[in-house]
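Asks: After the structure tokens below, expect a handful of questions from me.
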Amino acid sequence: MAKPLHRHEDSFLTLAETAAERRFDMPYRKTFAFDGETLSAQHAALAARLHPTGMIDIGVEGWLLPADALKLYEMAYLCPGDILELGAYRGLSATVMNRACNEAGRHCTIISIDLDPVSVEASRAQLAAEPGGDRAMFFMDDGASATRNLAGIKRQFGFAFIDHSHRYEHVHDACLILHRVVAVGGFALFHDFNDPRNSREDVPDYGVYQGAMDGLRTDRWAFWGIYGCTGLFRRIGPC
Ligand SMILES: C[S@@+](CC[C@H](N)C(=O)[O-])C[C@H]1O[C@@H](n2cnc3c(N)ncnc32)[C@H](O)[C@@H]1O
């Protein structure tokens, strides 16, 4: 019998609470039940080498905090099914997920969407240099539009990492269709959900928290925890 999952409702923050810098105060905590604090030495090593900014340093440009990367690795390692990513940039998060899938011995596919052709090419090149990187496929498209197309062909994923545009309308738009592609029981992890910029009136390009909270219906999604700047939600029904 599957062991029960850990849900961290106590980590919920209101938008007003995310206005204070708390990204470094929200630790990685495991969702799945496994022995120890991390899955492996490779998992733990994600947090071992950091840039002066506090972001992880695995030799690929990007902005993942240690807690973000540890959660991403865990979900890619243990969520059954294929993986959807919105926002590839230089392939950092796809590299983290690909390494987790390799270590787990999983034969899944990572489909990653990015609007920017330079990001798509750079991410393709990055993953081509990684063992098992051919499980990752990068497509140039708008995140919400691609998700709608995937829903149209009934494509299903066990895990989605949402890290494309930070704008309210783009996140909201993706959230309105996400339930059609994430299987019931699966998870969606939103990067920059816990970020003070979301509530700043002088930063109109940031509305990840509000886009997710307004776009994810509570009869379809349950809040599951905040780790670093990420917010985790579980797909609960109906279809
Ligand atoms: C923060 S970066 C992604 C970082 C990446 N997930 C990582 O951790 O390495 C955001 C990316 O989203 C892309 N983007 C912006 N708006 C988008 C949209 N509407 N649809 C798809 N991609 C978008 C940008 O081109 C950029 O490469």
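Please treat every number below as a calculation from the coordinates, not as lab data. Bear in mind the structure is a predicted one, so any value in this text is a computation, not a measurement. FYI the Cβ positions are ideal-geometry reconstructions off the backbone, even for glycines, and counts take in every protein chain you see.
Asks: Contour minus end-to-end for residue 109 and residue 35, with contour as 0.36 nm per residue of separation and end-to-end as the Cα-Cα distance?
Replies: Length difference between fully extended and current span is 24.0 nm.
Asks: Counting helices only, and only those DSSP H runs with n ≥ 4, report the 222 nm mean residue ellipticity of the chain as the sum of -39,500 (n - 2.57) divided by its residues, in deg cm²/dmol to the nearest 500.
Replies: -9000 deg cm²/dmol
Asks: For the pair residue 58/residue 210, report the inter-label distance in nm, with labels modelled 7 Å from Cα in the Cβ direction.
Replies: Each label point lies 7 Å from its Cα, and together they span 3.3 nm.
Asks: Something else now. Choose one answer from 186, 36, 62: the residue with the largest mean-square fluctuation in a GNM of the chain with alpha-carbon springs under 10 Å.
Replies: Top of the fluctuation ranking is 36.
Asks: Now, a different point. Given the Cα-Cα distance of residue 125 and residue 19 and 0.36 nm per residue of separation, how much length would full extension add, in nm?
Replies: Working it through step by step, the gained length comes to 34.5 nm.
Asks: How big is the dipole moment of the chain about its Cα centre under a simple scheme where the beta carbon of each Lys and Arg is +1, that of each Asp and Glu is -1, and everything else is neutral? Debye, nearest 20, please.
Replies: For the chain, the charge dipole is close to 840 debye.
Asks: Would you work out which of 33, 123, 171 lies farthest towards the positive end of the dipole of the chain, given +1 charges on the beta-carbon of Lys and Arg and -1 on that of Asp and Glu, about the Cα centre?
Replies: 33
Asks: Here is a follow-up. Grab the Cα-Cα distance for residue 156 and residue 202, subtract it from 0.36 nm times how many residues apart they are, and report the gain in nm with one decimal.
Replies: Length difference between fully extended and current span is 12.8 nm.
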